[in-house]
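K.L.:
Structure below; questions to follow.
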Amino acid sequence: MTATSFRVSSRLSDYTVHLLDEASFLRDLVEREHRVFVVDENVWGHHRDGILAGLDPEQVLVLPIGEETKVLATVEWLYDRMMDRGSKRNTLAVAIGGGITQDLVGFMASTIFRGIQWVFVPTTLLAQSDGCLGGKTSLNYRHFKNLLGTFHPPNDIIVYTPFLDSLSDTEYASGMGEIVKTMVLGGEETTRALLFDLEAAMARDHGALMRLLEPCLVIKKGFIEADEFDTGYRHILNYGHCYGHGVEAASDFAIPHGQCVLIGMIMAGITARRRGVLAEELRRFIAEEVVDPAYVVRLRKSAVDHAKVIEAMKWDKKRKEGGQLALIMLMDGYEMVEVQDLSENEALETLEEFEETYAEAAGEGVAFLR
Ligand SMILES: NC(=O)c1ccc[n+]([C@@H]2O[C@H](COP(=O)([O-])OP(=O)(O)OC[C@H]3O[C@@H](n4cnc5c(N)ncnc54)[C@H](O)[C@@H]3O)[C@@H](O)[C@H]2O)c1
Ligand SMILES: [Zn+2]
């Protein structure tokens, strides 16, 4: 393993992503003046005597985690704790946790004193491979997910894979789904690189995972730099998410996000082949050799209602008012395209073909861990 870092340019302020193989970053942060550590409660529970042993427990703000805590009230709690500690404009906030911690601390940091500096140390595979980049912060408001938000990138992002040792198999598999998606949309070369390390990374080999994380983050960086404020081009990153979100919602979020993305990739392949823009050979290769090793939380036959999937796809933010459904597809030559003219009937036929070909026999629950 080797440590690397790269810069991400942003019109707000450039920031650096560090992929590290040792934990000395923590000592450097502890030694800084005027800093506050905010740590996910589960991460604190698992790592307070290990990776995080250098933090003074008295000084750590332990964050309650759940979608229901990703709300303004928790940010107000953070404002209060920050002020109790005499924070000033030059206080640095250090967030250690997954995407929920990122959103809460990022939102707090972007608003208190009209913006303070912050560092994000992602601890889920989803956040390390994908969510940490992009500079967005979001809160849930009433029943609206991610309704409130700001753009306020952290100054540094520190990726340290040993945090993942305590992650559950389903959370880990979720992150692997997002990695597979990004490496495929990176093109043929990164797809080959993915295949080389996929099996070992699935078995949680840190070296193999680090070899995938770097290109994955660099691919995402390319899209973000080209479309920082998410106005169009960045939509391509939503490959796998169109049908994927639909299945996720229709399963009542029983299937982890990244695994739904894999299902979405297989489905997008079916639609693309039916439209004649993706040869069966490449479609099958992606579905059965690239996606399959990572697709471990398997959807059961007839487990989700197809009408519900399509209903949820209508809420896709890429979709234009009044139009058909939106879809990002891989085409021949590893070209990616966004279409806005997917008909409900086409989507239904795709869902049916997926079910016949890839869904597992019926049983208890919506899905099962292979
Ligand atoms: N701001 C952004 O750009 C952005 C990007 C992607 C996702 N998100 C948001 O992030 C959230 C999802 O984030 P996520 O999937 O990274 O995780 P999460 O923050 O939802 O955490 C998932 C679970 O894993 C636990 N956990 C975290 N790290 C752990 C570790 N190392 N060991 C054991 N348990 C650990 C958490 O306590 C929690 O129970 C959603 O709310 C999503 O909207 C934000
Ligand atoms: Zn995603």
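K.L.:
Can you name the condition, by its number, that GLU248 falls short on among (1) within 16 Å of ligand 2 (Cβ to nearest atom); (2) over 25 Å from MET202 (Cβ atoms); (3) among the acidic types (Asp, Glu)?
P.N.:
So the condition that GLU248 fails would be (2).
K.L.:
Can you tell which of VAL75, VAL38, VAL17 is assigned to a helix (DSSP H, G or I), modelled with pLDDT of 95 or more and under 26 Å from the mean Cα position of the chain (by Cα)?
P.N.:
VAL75
K.L.:
For the condition of a type outside the set (Asp, Glu) and in contact with a helix residue (DSSP H, G or I) (Cβ under 8 Å, 6 or more places away or on another chain), what is the one hit in ARG204, ARG114, ARG192, ARG142?
P.N.:
Just one listed residue meets the conditions, ARG204.
K.L.:
I need the full set of residues from region 1-14 which are farther than 24 Å from ASP230 by Cβ and in a loop (DSSP other than H, G, I, E, B), in order please.
P.N.:
If the condition is that a residue be farther than 24 Å from ASP230 by Cβ and in a loop (DSSP other than H, G, I, E, B), then MET1, THR2, ALA3 are the ones that fit.
K.L.:
Take ASP230 and tell me if it is within 16 Å of ligand 2 (Cβ to nearest atom), more than 15 Å from the chain's Cα centre (by Cα) and in a loop (DSSP other than H, G, I, E, B).
P.N.:
Taking the combined requirement at face value, the residue satisfies it.
K.L.:
Could you run through region 136-159 and say how many residues are more than 12 Å from GLY106 (Cα to Cα) and not in a strand (DSSP E or B)?
P.N.:
Here the count works out to 2.
K.L.:
While we're looking at this one, here's another question. All but one of (1) within 16 Å of ligand 2 (Cβ to nearest atom); (2) touching a residue at least 24 places away in the same chain (Cβ under 8 Å); (3) not basic (Lys, Arg) hold for PHE223; which doesn't?
P.N.:
(2)
K.L.:
Specify the residue that is surrounded by the most Cβ atoms within 10 Å (Cβ to Cβ); the eligible residues are those in region 248-268 that are part of a loop (DSSP other than H, G, I, E, B) and within 12 Å of ligand 1 (Cβ to nearest atom).
P.N.:
PRO256
K.L.:
Looking only at region 135-145, filter to residues that are more than 24 Å from ASP14 (Cα to Cα) and within 10 Å of ligand 1 (Cβ to nearest atom); which one of those is surrounded by the most Cβ atoms within 10 Å (Cβ to Cβ)?
P.N.:
ASN140
K.L.:
Residue check: is ARG48 within 19 Å of SER166 (Cα to Cα) and away from ligand 2 (no atom under 16 Å from the Cβ)?
P.N.:
yes
K.L.:
Next question, about the same structure. Can you name the number of the only condition in (1) of a type outside the set (Val, Ile, Thr); (2) more than 26 Å from LYS220 (Cα to Cα); (3) surrounded by 15 or more Cβ atoms within 10 Å (Cβ to Cβ); (4) in contact (Cβ under 8 Å) with a residue 60 or more places away in the chain that TRP44 fails?
P.N.:
Failed condition: (4).
K.L.:
So, in region 168-187, of the ones that are more than 9 Å from ligand 1 (Cβ to nearest atom), out of contact with any strand residue (DSSP E or B) (no Cβ under 8 Å at 6 or more places or on another chain) and hydroxyl-bearing (Ser, Thr, Tyr), which residue ends up nearest to LEU213 (Cα to Cα)?
P.N.:
Within region 168-187, the match that is nearest to LEU213 (Cα to Cα) is THR182.
K.L.:
Tell me, yes or no, whether region 50-67 has at least one residue that is loosely packed, with under 15 Cβ neighbours inside 10 Å, more than 30 Å from VAL218 (Cβ to Cβ) and of a type in the set (A, V, I, L, M, F, W, C).
P.N.:
Yes; the residues of region 50-67 include at least one that is loosely packed, with under 15 Cβ neighbours inside 10 Å, more than 30 Å from VAL218 (Cβ to Cβ) and of a type in the set (A, V, I, L, M, F, W, C).
K.L.:
Which one of these is free of Cβ contacts under 8 Å to residues at least 40 places away in the same chain and surrounded by fewer than 18 Cβ atoms within 10 Å (Cβ to Cβ): PHE151, PHE113?
P.N.:
PHE113 is the lone residue from the list that is free of Cβ contacts under 8 Å to residues at least 40 places away in the same chain and surrounded by fewer than 18 Cβ atoms within 10 Å (Cβ to Cβ).
Let's see how each residue does on (1) closer than 17 Å to LEU133 by Cβ; (2) touching a helix residue (DSSP H, G or I) at 6+ places or on another chain (Cβ under 8 Å):
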site	(1), (2)
ILE158	yes, yes
SER168	no, no
GLY175	yes, yes
GLU178	yes, yes
VAL184	no, yes
GLU188	no, yes
ASP197	no, yes
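K.L.:
Pull out all pairs, ordered by first then second residue, where Cβ-Cβ is under 7 Å, the residues are six or more apart or on different chains, the first lies in region 240-261 and is at pLDDT 95 or above, and the second is outside any helix (DSSP H, G or I) and within 11 Å of ligand 2 (Cβ to nearest atom).
P.N.:
The qualifying pairs are VAL261/GLY240.
K.L.:
Okay, moving on. Look through region 136-145, keep the residues that are more than 23 Å from TYR172 (Cα to Cα) and touching a residue at least 24 places away in the same chain (Cβ under 8 Å), and return whichever of them is farthest from ligand 2 (Cβ to nearest atom).
P.N.:
Looking at residues that are more than 23 Å from TYR172 (Cα to Cα) and touching a residue at least 24 places away in the same chain (Cβ under 8 Å), I get TYR141.
K.L.:
So, one more: State whether the residues of region 160-167 include one that is within 16 Å of ligand 2 (Cβ to nearest atom), modelled with pLDDT of 95 or more and outside any helix (DSSP H, G or I).
P.N.:
There is no residue in region 160-167 that is within 16 Å of ligand 2 (Cβ to nearest atom), modelled with pLDDT of 95 or more and outside any helix (DSSP H, G or I).
K.L.:
Looking at region 106-135 only, could you name the residues that are hydrophobic (A, V, I, L, M, F, W, C), within 16 Å of ligand 2 (Cβ to nearest atom) and not in a loop (DSSP other than H, G, I, E, B)?
P.N.:
Selection gives LEU125, LEU126, ALA127.
The values are calculated or read from the model by the stated rules, or taken from the named source; none is laboratory data. This structure is a prediction, so every number in the text was calculated from the model and none was measured. We place every Cβ from the backbone using ideal geometry, glycine too, and count neighbours over all the protein chains shown.
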